[in-house]
């Protein structure tokens, strides 16, 4: 297929992502500029969005910068927050097999939820066209995200308004993701276990130290109740 | 360099490294056609909703890090904001709409009453 043709297809497919990423990125950029008061914040918004294209992370990062969260906690939180990305790769192993090293590196680096959805859906007859399409989709989505976050941070610097309480945007984002996940019946019990573990973590530890015990607790619970939960998961599949 | 700048650079480096490693994980481990151990795919499946639920609770706790429950409005702003988000999102399925409306409700209540 002609080069221009795949690009037109990639661009059309990425249009919903354009809307979503610029808008969501702007919200994250606004939050960052609202809470981290420094003249060069848009620059950092740019670097952080280009290096790890990840919605929830972009929001959470603001809190970590403000509270000077310990780096080990940051690493563990990122791990748990983004663990689903490891699953995406599993279903793209075949599709990405045989792609050149650097192209593959970029495809892996830029693999977000939305990009995954579009790439997993691509069905061109030959491998080369498929690869080109995937790269174009990845690059387009990546640029929308970087644009959104940077523009949001710039706007936050320029438009003066009371930002007290704007950090609720992060809570709201997590609630949105949770609401979506709970539409699927089998996700509700795992979510419940996560919530109970977090409350237990807070009861026994301070706010700043609650997350790691909570994560250990939920992982232990998942391993202990594995048989029951797997049966529960399977019940949702048929 | 000023210490906050160093800290921001470190945060960006750590988050990027972990995220990229996660994305690369299957390609590094299973490139030769080995199958993923079942326990890992199981944990990955259940951990996603659990981690998000945990972070919601963490956000609520983190609001009251520097203020008492009473001075923060007894949780009323959080409750109102959260209900707005959940109801709107269950109904309209539009993430941005839910986040903007929920945050606006929260900010209005917080700034005008507490």
Would you point out which residue out of A:76, A:111 is within 9 Å of chain B (Cβ to nearest Cβ), over 15 Å from residue A:211 (Cα atoms) and touching a residue at least 12 places away in the same chain (Cβ under 8 Å)? A:111
Considering region A:37-52 alone, what residues qualify as being within 8 Å of another protein chain (Cβ to nearest Cβ) and at pLDDT below 90? A:38, A:52
Which one of the conditions (1) within 13 Å of residue B:8 (Cβ to Cβ); (2) over 18 Å from the mean Cα position of the chain (by Cα); (3) within 7 Å of chain B (Cβ to nearest Cβ) does residue A:61 fail to meet, given that it meets all the rest? (2)
On the given criteria, is residue B:47 more than 7 Å from every other protein chain (Cβ to nearest Cβ), surrounded by 21 or more Cβ atoms within 10 Å (Cβ to Cβ) and touching a helix residue (DSSP H, G or I) at 6+ places or on another chain (Cβ under 7 Å)? no
Look at residue A:151 and say whether it is at pLDDT 85 or above, under 22 Å from residue B:97 (Cβ atoms) and either surrounded by 20 or more Cβ atoms within 10 Å (Cβ to Cβ) or in the same structural domain as residue A:11 (by TED's automatic domain parsing) (or both). yes
Here's a check for you: in region A:208-229, which residue that is within 8 Å of another protein chain (Cβ to nearest Cβ), crowded, with 16+ Cβ neighbours inside 10 Å and closer than 19 Å to residue B:43 by Cβ is modelled with the lowest pLDDT? A:211
Output the residue which, of all residues in region A:189-207 that are surrounded by fewer than 18 Cβ atoms within 10 Å (Cβ to Cβ) and within 8 Å of chain B (Cβ to nearest Cβ), is nearest to residue B:37 (Cα to Cα). A:192
Just give me the residues in region B:5-21 being surrounded by fewer than 15 Cβ atoms within 10 Å (Cβ to Cβ) and facing chain A (nearest Cβ under 7 Å), in sequence order. B:10
Test residue A:28 against the criterion of being closer than 19 Å to residue B:4 by Cα and in a helix (DSSP H, G or I), and give yes or no. no
Is it true that some residue in region A:127-143 is out of contact with any strand residue (DSSP E or B) (no Cβ under 9 Å at 6 or more places or on another chain), exposed (fewer than 14 other Cβ atoms within 10 Å of the Cβ) and in the same structural domain as residue A:97 (by TED's automatic domain parsing)? yes
Could you list all residues from region B:68-79 that are more than 10 Å from chain A (Cβ to nearest Cβ) and within 20 Å of residue B:101 (Cα to Cα)? B:73, B:75, B:76, B:79
Tell me which of these residue A:38 doesn't satisfy, since it passes every other one: (1) assigned to a loop (DSSP other than H, G, I, E, B); (2) farther than 27 Å from residue B:103 by Cα. (2)
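The values are calculated or read from the model by the stated rules, or taken from the named source; none is laboratory data. All values reported here derive from a predicted model rather than from experimental measurement. No Cβ is skipped: glycine too gets one built from the backbone with ideal geometry, and neighbour counts run over all protein chains shown.
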